[in-house]
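Enquirer: Handing you this structure, nothing more for now.
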Amino acid sequence: MTSYETGQRIALVHTSDPHTLLRPGDTGTVRRHDQRHNIVEVTWDNGSTLSMCLDAGDRIAPATTPSPIGDPVAEATGWAAALQQMRAAGTEAGRTAAEWWAQDTIGARASGDTRLAARRILAGIEDGDPAVLDALPHFTSAGESVDIAGWELFADAAGDTTGWFGLRLQQRDEAMAIYRDAYDTAATDRVADLCHLAASPTGRDVSHLHPDRVRIGDVGVFAGDWARTTGPDGDDRIEVGFVGTLIDYWNGWAVFSCTRAVAEAIVADQQRHRDQHRQSLRDEGVPEVDLDRRVDEALADLSFDGDVIVADQRALSDDREAIERITPDGDGRYVVMGRSWCWEAVDPYACDRIVGDLPDPDQA
């Protein structure tokens, strides 16, 4: 077991901690090495104090490299800089590989339903599905030896065509591990970004509007629980979602306010459902004289009377008084059937179409 001394300079090779901002190549100073549990306590240069659990898969290495002047500070600084350059080069190469890969999968050269393909890839990444993850771009030296591949990568990243063969074997392994980790991480992250764009009904990333992130006062995308259908891959699909601001909950269901344009779209969508139900009844052989009554008994009738939405649910509720008039508030916003219908915040990516103005991520 390698022993690390107090005050020793080290560089991060790998950590599986999903929350840390540390990246391979980041350097720090050892505070203590608990040899019994093989845990190294580190003060990192970026301010982190994350300890390295070496038996759990964390990897660090001495941040030193031979120096003709024998200056330990220069040695540590130079090696740390070289590792940062390798990480930056790996990140750039991974992103480039992802963009080329995406062209044939969800981009201009892809065939079939690219939105469906993008949703499947995103689900696979989130679930850690090996069938999806193994198909993503990964670093490979294309049959070259580690030394030849490493020399070329190190020369390109650090601008040093001779330095590679002056490194110890441990340093070569460390440099390649950092490059590989940066490449693979950047490739996966970039694939996810591109899939978010390809899967989006708006053509831009709307992951910041996921329903798990929507709180009172936040903008979200809403639909009725009746609007869900099953898509071609077996997932929930919603034909149209409506943008609004969550203002309350009613019996666990969302209450949201929306603009006039969105309110008009909700009224139009309700009419579409009524027309579809009317046609299904007609196909079942229901006489024409009974269609209006049967539709009214199944679905509320929404319409605009000037600036007021009239919701007629008399036949639906068997209540002659069940007519509601929904007026806009002082800002011209409507609460369409809030506390009456079962609305819910929905994943924008589950919608085939979204009505309303979506905020940017920094505005959500």
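Enquirer: If you check G57 against the conditions, is it modelled with pLDDT of 85 or more, touching a Ser or Thr at 6+ places or on another chain (Cβ under 6 Å) and farther than 25 Å from G163 by Cα?
Expert: For G57, the condition - modelled with pLDDT of 85 or more, touching a Ser or Thr at 6+ places or on another chain (Cβ under 6 Å) and farther than 25 Å from G163 by Cα - is met.
Enquirer: Looking at E152 and the list (1) in contact with a Phe, Trp or Tyr (Cβ under 9 Å, 6 or more places away or on another chain); (2) part of a loop (DSSP other than H, G, I, E, B), which single condition is not satisfied?
Expert: The one condition E152 does not meet is (2).
Enquirer: Determine whether R115 is open to solvent by less than 40 Å² (accessible area, probe 1.4 Å) and basic (K, R).
Expert: The answer is no for R115.
Enquirer: Which of (1) touching a Phe, Trp or Tyr at 6+ places or on another chain (Cβ under 9 Å); (2) among the aliphatic types (A, V, I, L, M); (3) open to solvent by 50 Å² or more (accessible area, probe 1.4 Å) does A108 not meet, given it meets every other one?
Expert: Result: A108 fails condition (1) only.
Enquirer: As an exercise: evaluate G78 against (1) out of contact with any Cys (no Cβ under 8 Å at 6 or more places or on another chain); (2) in contact (Cβ under 8 Å) with a residue 24 or more places away in the chain; (3) in a helix (DSSP H, G or I); (4) open to solvent by less than 80 Å² (accessible area, probe 1.4 Å) and give the number of the one condition it does not meet.
Expert: (2)
Enquirer: Same structure, new question: Can you confirm whether the range 270-278 contains a residue that is part of a helix (DSSP H, G or I) and under 21 Å from A345 (Cβ atoms)?
Expert: Yes: one or more hits.
Enquirer: Now a separate question. Going residue by residue through the range 279-298, is there one that turns out to be buried (at least 19 other Cβ atoms within 10 Å of the Cβ) and either assigned to a strand (DSSP E or B) or touching a Leu at 6+ places or on another chain (Cβ under 8 Å) (or both)?
Expert: The answer is yes, given that some residue of the range 279-298 is buried (at least 19 other Cβ atoms within 10 Å of the Cβ) and either assigned to a strand (DSSP E or B) or touching a Leu at 6+ places or on another chain (Cβ under 8 Å) (or both).
Enquirer: Something else now. When the residues of the range 185-224 are narrowed to those that are among the acidic types (D, E) and at pLDDT 90 or above, which ends up nearest to R23 (Cα to Cα)?
Expert: Filtering first and then ranking leaves D189.
Enquirer: Name the pairs: first residue in the range 300-318 and within 19 Å of C342 (Cβ to Cβ) and touching a residue at least 12 places away in the same chain (Cβ under 8 Å), second residue assigned to a loop (DSSP other than H, G, I, E, B) and of a type outside the set (A, V, I, L, M), Cβ to Cβ under 7 Å, at least 6 apart or on different chains?
Expert: Note: pairs meeting the criteria are A300/Q313.
Enquirer: I would also like to ask the following. Determine whether the range 202-211 contains at least one residue that is in contact (Cβ under 8 Å) with a residue 60 or more places away in the chain, of a type in the set (S, T, Y) and in contact with a Leu (Cβ under 8 Å, 6 or more places away or on another chain).
Expert: Looking for residues that are in contact (Cβ under 8 Å) with a residue 60 or more places away in the chain, of a type in the set (S, T, Y) and in contact with a Leu (Cβ under 8 Å, 6 or more places away or on another chain), one finds at least one in the range 202-211, hence yes.
Enquirer: Being in contact with a strand residue (DSSP E or B) (Cβ under 7 Å, 6 or more places away or on another chain) and either surrounded by fewer than 18 Cβ atoms within 10 Å (Cβ to Cβ) or charged (D, E, K, R) (or both) is the filter here; which residues of the range 342-355 pass it? Can you show your working first?
Expert: Step one: filter the range 342-355 for residues in contact with a strand residue (DSSP E or B) (Cβ under 7 Å, 6 or more places away or on another chain), giving 342-346, 348, 350-352, 354-355.
Residues satisfying the conditions are C342, E344, D352.
Enquirer: Still on this structure, I have one more. Give the number of residues within the range 311-333 that are open to solvent by less than 60 Å² (accessible area, probe 1.4 Å), over 39 Å from the mean Cα position of the chain (by Cα) and not small (G, A, S).
Expert: Matching residues across the range 311-333 total 2.
Enquirer: Something else about it: I'm trying to understand the selection: among the residues of the range 31-48, which are touching a residue at least 12 places away in the same chain (Cβ under 8 Å) and either in a loop (DSSP other than H, G, I, E, B) or farther than 21 Å from D181 by Cβ (or both)?
Expert: Of everything in the range 31-48, those that are touching a residue at least 12 places away in the same chain (Cβ under 8 Å) and either in a loop (DSSP other than H, G, I, E, B) or farther than 21 Å from D181 by Cβ (or both) turn out to be R31, R32, H33, Q35, H37, N38, I39, T43, D45, N46, S48.
Enquirer: Restricting to the range 1-30, what's the tally of residues that are assigned to a strand (DSSP E or B), open to solvent by 50 Å² or more (accessible area, probe 1.4 Å) and closer than 15 Å to D45 by Cα?
Expert: Matching residues across the range 1-30 total 1.
Enquirer: Further, regarding this structure: Which one is nearest to Q271 (Cα to Cα) among residues in the range 193-241 that are surrounded by fewer than 19 Cβ atoms within 10 Å (Cβ to Cβ) and of a type in the set (G, A, S)?
Expert: G231
Enquirer: Of the numbered conditions (1) surrounded by 12 or more Cβ atoms within 10 Å (Cβ to Cβ); (2) more than 25 Å from V219 (Cα to Cα), D305 fails exactly one; give the number of that condition.
Expert: (1)
Enquirer: Something else: If you check every pair at least six apart or on different chains, which have Cβ atoms under 8 Å apart with a residue in the range 249-272 that is farther than 16 Å from V219 by Cα first and a residue that is hydroxyl-bearing (S, T, Y) second?
Expert: V267/S303
Yes/no matrix, rows are residues, columns are (1) in contact with a strand residue (DSSP E or B) (Cβ under 8 Å, 6 or more places away or on another chain); (2) hydroxyl-bearing (S, T, Y):
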position: W101; (1), (2): no, no
position: R109; (1), (2): no, no
position: G112; (1), (2): no, no
position: R120; (1), (2): no, no
position: E126; (1), (2): no, no
position: A175; (1), (2): no, no
position: D181; (1), (2): yes, no
position: T188; (1), (2): no, yes
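Table: residues versus (1) assigned to a helix (DSSP H, G or I); (2) among the hydrophobic types (A, V, I, L, M, F, W, C).
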residue: Y183; (1), (2): yes, no
residue: G217; (1), (2): no, no
residue: V221; (1), (2): no, yes
residue: F242; (1), (2): no, yes
residue: L246; (1), (2): no, yes
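The values are calculated or read from the model by the stated rules, or taken from the named source; none is laboratory data. Note that the coordinates shown come from a computational prediction; the quantities given were computed from them, not determined experimentally. Counting neighbours? That spans all protein chains shown, and the Cβs are built from the backbone with ideal geometry, glycine included. These accessible areas exclude ligands, DNA and RNA; they are computed on the full protein's heavy atoms, side chains included. Shrake-Rupley method; radii C 1.70, N 1.55, O 1.52, S 1.80 Å.
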